[in-house]
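What follows is one structure encoded as structure tokens, with my remarks underneath.
The values are calculated or read from the model by the stated rules, or taken from the named source; none is laboratory data. Keep in mind that what you see is a predicted model, and the values were worked out from it rather than measured. Heads up, the Cβs are rebuilt from the backbone with ideal geometry, glycines too, and the neighbour counts pull from every protein chain shown. The accessibility values were calculated without ligands, DNA or RNA, using every heavy atom of the protein model including side chains. Shrake-Rupley method; radii C 1.70, N 1.55, O 1.52, S 1.80 Å.
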Amino acid sequence: MSIDRAIGLVLNKRDLRETSLIVDFYTKEFGKICGILKGIRTDPKKFASNLEFFSLNEIIFYRKTHSSIHLVSQADKIDNFTRIRQNIERTTTAGFMMEMVSSIMQLEDKNEEIFDLTLASLKELETNYNPEKIATIFKIKMLSLSGFKPHFDSCVSCLDKIMGQSKFSLSLGGLLCPRCMPKDPTSRSIFRGTIATVLHIEKNTFNSSLSLGMNPQIKKELELILNSFLNFHLGRELKSQKLINKLEVAVG
């Protein structure tokens, strides 16, 4: 076994027997890794971090060559994002980010850009009271960086540039030009402003995307298309998205 050190966000955790935890981290150095922390439930002081959901930690772990679950020997808290935890809307948005990363990324598939995006999104969520906009930008950039994105820069079928009318095909995963629309009778119309918004966010940094204006129609359509795309291709709705939907109904 080799000994490695990493900076990681807690994606989720679950009990193992009566004494230990299994924790999934998304790390800058190794991508998503799964680690076991032995004895932490009976002796919490054994580790310097309580490994709260979406907290940032420095970990030392023994990499096992014949198992996907590694042994974490040390975990030190770097940032607990306390201000996020003081508000339920921010907390559920942070939870959505963790679940999306966990659902899309494979074990030990390193992607520093996704780590940096996720960390930047959490830091922005602490100070910017617009969780919905942060979540929308995160979804678009996360899908783009992971290679899982819907096809918005040309026709998903013939790959020709689309200059005029287009429709979005959920099953094909992108836009269809007028000539290819018959290939998916269930494809739906889409605002050109929605397409422009997605392309702008894909091509620009997270911080510059925060200043982009979105009218209510485009915001609504983005939510519908991005959530439908995720649900269709993951084969399920993320639990955290269901919670966000319930909160939105409760608020108004």
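For the reader, a short list of remarks on this structure follows.
- Close pairs (9 angstrom Cβ cut-off, 6 or more residues apart or separate chains): open to solvent by 70 Å² or more (accessible area, probe 1.4 Å) in region 37-51, at pLDDT 85 or above and β-branched (Val, Ile, Thr) anywhere: 38/19; 38/72; 41/19; 42/19; 43/19; 46/40; 50/40
- Whichever residue in region 199-229 is among the polar types (S, T, N, Q) and assigned to a helix (DSSP H, G or I) and, among such residues, is surrounded by the most Cβ atoms within 10 Å (Cβ to Cβ): 209
- For the residues 177, 158, the requirement of being hydrophobic (A, V, I, L, M, F, W, C), surrounded by 16 or more Cβ atoms within 10 Å (Cβ to Cβ) and more than 26 Å from residue 105 (Cα to Cα) singles out 177.
- Filter pass, residue 165 being exposed (fewer than 14 other Cβ atoms within 10 Å of the Cβ), more than 22 Å from residue 102 (Cβ to Cβ), over 25 Å from the mean Cα position of the chain (by Cα) and at pLDDT below 95: yes
- Pairs where the first residue, in region 140-153, is open to solvent by 20 Å² or more (accessible area, probe 1.4 Å) and the second is assigned to a helix (DSSP H, G or I), C-beta under 6 Å, 6+ apart: 141/117; 144/202; 145/113; 145/114; 146/104; 148/104; 149/143
- In region 38-62, the residues that are assigned to a loop (DSSP other than H, G, I, E, B) and not aliphatic (A, V, I, L, M): 38, 39, 41, 42, 43, 47, 49, 50, 52, 53, 54, 55
- Condition met for residue 193 (part of a helix (DSSP H, G or I) and of a type outside the set (Val, Ile, Thr)): yes
- Residue match in region 63-83 (condition: in contact (Cβ under 8 Å) with a residue 24 or more places away in the chain, open to solvent by 40 Å² or more (accessible area, probe 1.4 Å), within 15 Å of residue 10 (Cα to Cα) and in a loop (DSSP other than H, G, I, E, B)): no
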